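Data first, discussion second: the structure below is written as structure tokens.
The values are calculated or read from the model by the stated rules, or taken from the named source; none is laboratory data. Quantities reported herein were computed from a predicted structural model and do not represent experimental measurements. We place every Cβ from the backbone using ideal geometry, glycine too, and count neighbours over all the protein chains shown. Calculation scope for accessible area: heavy atoms of the full protein, side chains included, ligands and nucleic acids excluded. Shrake-Rupley method; radii C 1.70, N 1.55, O 1.52, S 1.80 Å.
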Amino acid sequence: MIEVVAELSRGPVFLAGEALECVVTVTNPLPPTATSASSEALAWASAQIHCQFHASESRVALPPPDSSQPDVQPDSQTVFLPHRGERGQCILSTPPKILFCDLRLDPGESKSYSYSEVLPTEGPPSFRGQSVKYVYKLTIGCQRVNSPITLLRVPLRVLVLTGLQDVHFPQDEAVAPSSPFLEEDDSGKKDSWLAELAGERLMAATSCRSLHLYNISDGRGKVGTFGIFKSVYRLGEDVVGTLNLGEGTVACLQFSVSLQTEERVQPEYQRRRGTGVAPSVSHVTHARHQESCLHTTRTSFSLPIPLCSTPGFCTAIVSLKWRLHFEFVTSREPGLVLLPPLEQPEPATWTGPEQVNWSHVGL
């Protein structure tokens, strides 16, 4: 028996273009007191990063696979195929790297090997949607002598920042940021430079503030005004918006706003509508705010963007966008007073109406 452990030194989340570093430890778990006949012989071990694509058959119409170029010995148990047994198609992979060959481990002995690979920049981000899934994995294959290949898969999360695909690592040491107190190799300098560049671009894109106002109306008049200060956000930020209902001519009884992602299949891959065919557009709600607002002049809301979500992206098959979805419950009674009078001739108790003829508006 052989025990294989893979440890990612920087965790499972990476930016496309960064270098993944993994330490693979191979151990013979038998106690050292075991006989020499308990030694284990390994023929080889190899590692590779690949992206697996899976599409919902009820939502996406994919072209038939090209049978003119079949996989090399797909049924052989002695060929290293990282995506063996996986659902879907392998759309992206790095060249396989051999970790070792002809290794013999005595009882209680272990050896460690380092694996490093740059994540491709031309691939999609990690995403698990209702129509498609893009899943990245680091697969380590190991074969004992006269035994089939055993695969160890380590899930990864890859984020893609638009605009970094065409950036080249500066050759001048004075240009690349570095610390004089730390010893870094070339890959470490490149990773720190790429992370700093990504942080600067995100900060520049998400720090721009400009008030955008939108009038909200239904068929009977103006409901209010929606205001938002920016349209680009980072994961983990809060989407903050305001509602001015005091200028409306239609009384708003209640509103709700949802932070959603819209997953849309590209037209050329959409299935024709019919029995058993799911819609080509799906929505997922990540946060929601609901408030009763009769007699309210101004209000605000804050919706957090989950850190585990996927930023917007677009591929040849699907696109993902973020949006705010509003729903308003308005009064059909034109004479409904929006605000209580500021001055009362005598003390009075202001109460809302017990029954209101209402209508629903969705945006």
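Projecting the Cα atoms of Ser300, Pro311, Tyr214 onto the dipole axis of region 212-334, where Lys and Arg carry +1 and Asp and Glu carry -1 at the beta carbon, places Pro311 farthest toward the positive end. The Val79 and Val284 beta-carbon pair, evaluated with R₀ = 41 Å, returns a calculated FRET efficiency of approximately 0.60. Packing here is the average count of other Cβ atoms within 10 Å per residue, and on that basis the peptides 141-147, 241-247, highest first, run 241-247, 141-147.
Taking 0.36 nm per residue of separation and subtracting the current Cα-Cα distance, fully stretching the chain between Ser231 and Thr33 would add 64.7 nm.
The listed residues Cys90, Cys293, Cys208, once ranked by accessible area (1.4 Å probe) with the largest placed first, stand as Cys208, Cys90, Cys293. When the surface is traced with a 1.4 Å probe over the full set of protein chains, His289 keeps roughly 50 Å² accessible. In a simple Cβ point-charge model (Lys, Arg +1; Asp, Glu -1; nothing else charged), region 212-334 has a dipole of about 320 debye relative to its Cα centre.
Ranked from highest to lowest mean number of other Cβ atoms within 10 Å per residue, what is the order of the peptides 19-29, 3-13?
So the peptides 19-29, 3-13, ranked by packing, come out 19-29, 3-13.
For the listed peptides 310-318, 119-127, a ranking on the average number of other beta carbons within 10 Å per residue, highest first, reads 119-127, 310-318. Taking 16 Å as the cut-off, the amide N atoms of region 280-322 that come nearer than this to a point 7 Å along the Cα-to-beta-carbon line of Glu262 belong to 280-286, 312-315, 318-322.
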